[in-house]
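First up is the structure itself, then whatever we jot down about it.
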Amino acid sequence: DQVPLFESEINKVVFSKYAVAVNSGTSALHIACLALNLKKNDYLWTSPVSFVASANCGLYCGAKIDFVDINISTGLIDTDKLKDKLEESQKTGKLPKILICVHLAGTSCEMKIIKNLSKEYGFKIIEDASHALGGTYHQRPVGSCDNSDISVFSFHPVKIITTAEGGVATTNNIELFEKMKFLRSHYIEKDKKNFLSDDYGLWTYEQQGLGFNYRMNDIQAALGISQLKRLSKIINKRNQILDFYKRNLKSDEITFLEIPESVKSSVHLVIILLKNISYESYKNIFAKLRSYNIGVQLHYIPIHLQPYYRNLGFKEGDFPSSENYSKMAISIPVFEDLKKREMNYVIEKLTQTYSQFSK
């Protein structure tokens, strides 16, 4: 059985006690929220700069969603803004039950500060580490759950390693582990010792709660096991690519997201910020780079500005740093087979296009 083997390999890599493999990162976020008992009218907070799944998982549980603005230089939740928002929310009785910290591009949030705030204000922590497998925070692997209740990884095809599609939730809490295990598989109990009914036969199994069909299959797990062996090599290569870009892209107007000293990023993405340009220029630069066959992207459109979330009452101006970020951030190519000449081509076209449209 490859799935338990994959889970034990994940535990070895990230130093967690327990791992629950599922069919996607989104499923992992959903069962993590349910395991932490997120319910109707509870609040879940996360970053606006993430894929929509980081917030949707709260809505699946009937919770209300709110966001904490980012620090524009890192792209991560701004811990000062988090502190202010917690102080304010304590007065209004709207403190979060769960905070989902998003490790954008593979760089860990300031988890020690966030952990201390959680002790003060009583919220649970999920690390959305979908980008961050193989990264470290204070020399400890992201996913060790030293400063959180649950960490979640994604193995979608574009991620650091892939299982074609899949995810995993790690934790050090046996109760959360057991609950997530049931939730991924229809909440079915097969061990007769744990049956609720005394009347059973050799054929009996019990559904003891409402779960889902979120299982990972053995083929996906086997693929994951084979890829995990290459993880450190992949992370080192991605860090080398980022270093090359930083050394060779010499511009005060084009900067990279900052990575704190205490963090080794997995460099899932290389994100640059284009300074001092209009939104019109940003759009032109983006289109021009695409025309040069450079696969640039924006990670991400702020979640609160998506039509669905606007309908929930969010609007422009709610989270200014996230909104400004989305008018200046561009992800440039990073993958293990990227050649120096290709990186030089990206740098050349980027600087050329920036100077053309920034006038």
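The values are calculated or read from the model by the stated rules, or taken from the named source; none is laboratory data. Treat the numbers as computed from the prediction; the structure is a model and nothing was measured. Counting neighbours? That spans all protein chains shown, and the Cβs are built from the backbone with ideal geometry, glycine included. Please note that ligands, DNA and RNA were not included when accessible areas were found on the heavy atoms of the full protein model with its side chains. Shrake-Rupley method; radii C 1.70, N 1.55, O 1.52, S 1.80 Å.
At-a-glance table
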quantity: Bridge type composition, the chain - antiparallel percent by DSSP, nearest 5; calculated: 65 percent
quantity: Value of Rg/Rh across segment 64-159 [Cα atoms, Kirkwood radius]; calculated: 0.97
quantity: Stokes-Einstein D in µm²/s, Kirkwood radius over Cα pairs - segment 88-227 at 10 °C with 1.306 mPa s viscosity; calculated: 92 µm²/s
quantity: Euclidean distance between Cα centres, segment 296-359 to segment 185-232, Å; calculated: 40 Å
quantity: Cleavage-rule hits (GluC sites (Glu not before Pro)) in segment 223-304: DSSP loop, at most 12 neighbouring Cβ within 10 angstrom; calculated: Glu261
quantity: Value in Å of the Kirkwood radius, where segment 253-343 supplies the Cα pairs that are averaged; calculated: 15.0 Å
quantity: Where segment 171-221 is the region considered: accessible area per residue in Å², 1.4 Å probe; calculated: 70 Å²
quantity: Sites matching chymotrypsin sites (Phe, Trp or Tyr not before Pro) across segment 156-210 that sit in DSSP coil, with at most 10 neighbouring C-beta atoms within 10 Å; calculated: Trp203
quantity: Whole-Å semi-axes of the ellipsoid equivalent to segment 1-150 (Cα gyration tensor, √5λ, descending); calculated: 25, 18, 13
quantity: Segment 139-204 shape via C-alpha gyration tensor axes, a/c threshold 1.5; calculated: oblate
quantity: Per DSSP, loop trypsin sites (Lys or Arg not before Pro) in segment 260-349 with at most 12 further Cβ within 10 Å; calculated: Lys315, Lys339
quantity: Accessible carbon and sulfur surface of the chain relative to its total accessible area, %, 1.4 Å; calculated: 50 percent
quantity: Proximal charge balance of Gln220 [Cβ under 14 Å; K/R count +1, D/E count -1]; calculated: -2
quantity: Whether segment 155-278 is rounded, prolate or oblate, judged on the alpha carbon gyration tensor where a/c under 1.5 counts as rounded; calculated: prolate
quantity: Listed values (i) 25.3; (ii) 19.4; (iii) 51.8, entry calculated as mean projected area of the Cα convex hull in nm²; calculated: (ii)
quantity: 222 nm mean residue ellipticity, helices alone, for the chain (DSSP H n ≥ 4; -39,500 (n - 2.57); rounded to 500); calculated: -12000 deg cm²/dmol
quantity: Computed over the chain: relative contact order in percent, which uses C-alpha pairs under 8 Å that are six or more apart; calculated: 20 percent
quantity: Segment 117-169 versus segment 12-74: alpha-carbon centroid distance in Å; calculated: 10 Å
quantity: Cα-based helix-to-principal-axis angle, 218-228 vs the chain, degrees rounded to 10; calculated: 50 degrees
quantity: Whole-number Å³ per residue for the convex hull built on Cα positions in segment 263-311; calculated: 144 Å³
